[in-house]
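**Student:** Pasting in a structure now, in structure tokens, and then I'll have a few things to ask.
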Amino acid sequence: MYLGIHWLTDVVAGVALAVLSVAVAMRVTNDADRARSRTEDSIGGRERWRRND
């Protein structure tokens, strides 16, 4: 019985860790996308540079 309980706690902890990891990754990428968007807006974006080529 001990091994069954231990396995179940490992599965629950693994799922919780996966959910937390995905939430943190989404938050980090959203913040990075917003920062990149703000930077591109302040310098005219990529389209401005493509037109000058």
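Laboratory data are not the source of any read-out in this text; all were calculated from the coordinates shown. None of the values given here were measured: they were computed from a predicted structure. All Cβ positions, glycine included, derive from the backbone under ideal geometry; neighbour counts span all protein chains shown.
**Student:** Simple spin-label model, 7 Å along Cα-to-Cβ: ARG27 to ILE5 in nm?
**Tutor:** 3.3
**Student:** Grab the Cα-Cα distance for ARG36 and ALA18, subtract it from 0.36 nm times how many residues apart they are, and report the gain in nm with one decimal.
**Tutor:** Numbers: separation 18, 0.36 × 18 = 6.48 nm, distance 2.68 nm.
Full extension from ARG36 to ALA18 adds 3.8 nm.
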